[in-house]
């Protein structure tokens, strides 16, 4: 059973430009070690990604409120995964506006239903009563949105290529040189390789992910803040993430190629020993990377795709 009382670490990443601040709150493993970032203009706060459960969302709120008296006025969802959107109703109850691309808003119902089936019906770690209610979005946009705050601005950009999910938004906060990219980057941490949930099925797209990383290079000199892992210069982050994807694709392809017909059949039947074996290989190839359990939970999408070719 996932713990409902999250253990959080809070770190201030920058304190500059007068009263303006940029910080992060990180969940424990019960929230998939996910970073939620916040930008305080000195008058208003925007939070980037809402957490996996209402309890985690409330911990994010408490952490922010411990650092500033500015109200939380907006929550931006970077992409349609439940560790980003499940906590949204908590912020809406405070009067905050949930903002996402139209594509993200349209994807949420299908992803929510797919994940509910896993966590409730298959894994049994939630019940129908404890699984978070489906999130809704208050304001949508297509392409770009200049999000005007009291005392500051956030530029939202919907990338042309998706990465870890079926659609991806990044947020640029110029005064802090900060580029918030969701799970598009896991710097020095293992990545979620399930793919976006489209028409009820996981659809990994590593080529699209690589292309999305190239789009980040337009923000020359920025510091990238990903959904997990450490912040890094955009050039360093893009190069490392692309190399990681190449490595993991090779590991998965090599593993699947070594299976006989019965082994491939059992992989496609979602037998867990395959995910354990792939986790061991990924951890051995990248011993300096944290959060190997991300492979255990997420690699099935990529592995099944490869095995189905």
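Every read-out reported here was derived from the displayed coordinates using simple, explicitly stated rules and does not represent laboratory data. Quick caveat: nothing in here was measured; it's all calculated off a predicted structure. In this analysis, Cβ positions are derived from the backbone assuming ideal geometry, glycine residues included, and neighbour counts consider all displayed protein chains.
Of all DSSP beta bridges located in the chain, what percent are antiparallel, nearest 5?
Bridges in the chain are about 65 percent antiparallel.
Using Cα centres only, tell me the gap between the range 13-83 and the range 241-288 in whole Å.
34
Please report the relative contact order for the range 28-96, taking Cα pairs under 8 Å with a sequence separation of at least 6, and give it as a percent rounded to a whole number.
Over the range 28-96, the number comes to 37 percent.
Given a Förster distance of 45 angstrom, what is the FRET efficiency for residue 121 paired with residue 175, based on the Cβ-Cβ distance and rounded to 0.05?
Efficiency at R0 = 45 Å is approximately 0.45.
Over the range 258-309, calculate the relative contact order: mean separation of alpha carbon pairs under 8 Å at least 6 apart, over the residue count, as a percent.
Dividing the mean separation by the residue count of the range 258-309 yields 44 percent.
For 201, 304, what ranking results if the residue with the fewest other Cβ atoms within 10 Å of its Cβ goes first?
201, 304
Quick one: if the Förster radius is 30 Å, what FRET efficiency do residue 266 and residue 292 give, using the C-beta to C-beta distance and rounding to 0.05?
FRET efficiency, residue 266 to residue 292: 0.85.
Based on the alpha-carbon gyration tensor of the range 155-232 and its eigenvalue square roots a ≥ b ≥ c, which shape applies: rounded if a/c is under 1.5, prolate if not and a/b is larger than b/c, or oblate?
Taking the square roots of the gyration eigenvalues as a ≥ b ≥ c, the range 155-232 is prolate.
First check a/c for the chain, with a ≥ b ≥ c the square roots of the eigenvalues of its C-alpha gyration tensor; if it is under 1.5, answer rounded, and if not, answer prolate when a/b is larger than b/c or oblate otherwise.
It comes out prolate by the Cα gyration axes.
Within a 10 angstrom radius of the beta carbon, how do 48, 22, 141 rank from fewest other beta carbons to most?
141, 22, 48
Using Cα pairs closer than 8 Å and at least 6 residues apart in sequence, work out the relative contact order for the range 9-236, in percent.
Reported as a whole number, the value is 15 percent.
Contour minus end-to-end for residue 203 and residue 247, with contour as 0.36 nm per residue of separation and end-to-end as the Cα-Cα distance?
Length gained, residue 203 through residue 247: 13.9 nm.
Calculate the spin-label point distance for residue 139 paired with residue 214, positioning each point 7 Å from the Cα along the beta-carbon direction, and give it in nanometres.
For the pair residue 214/residue 139, the computed spacing is 3.3 nm.
Test of understanding: in a Gaussian network model of the chain with alpha carbons linked when under 10 Å, which of 209, 131, 172 would top the mean-square fluctuation ranking?
Result: 131 has the largest fluctuation of those listed.
To make sure I understand, if each residue's beta carbon is the centre and we count other beta carbons within 10 Å, what order do 145, 193, 259 fall in, fewest to most?
259, 145, 193
Which number do you get for Rg(Cα) / (2.2 N^0.38 Å) in the range 215-309?
Normalised Cα radius of gyration, the range 215-309: 1.24.
At 7 Å along Cα-to-Cβ for each site, give me the label-to-label distance between residue 280 and residue 66 in nm.
Modelled inter-label distance: 4.0 nm.
Does the range 105-251 classify as rounded, prolate or oblate by the C-alpha gyration tensor (a ≥ b ≥ c root eigenvalues; a/c under 1.5 gives rounded; else a/b over b/c gives prolate, otherwise oblate)?
oblate
What value, in deg cm²/dmol to 500, does the helix sum -39500 (n - 2.57) over DSSP H runs of n ≥ 4 give at 222 nm once divided by the residues of the chain?
-11000 deg cm²/dmol
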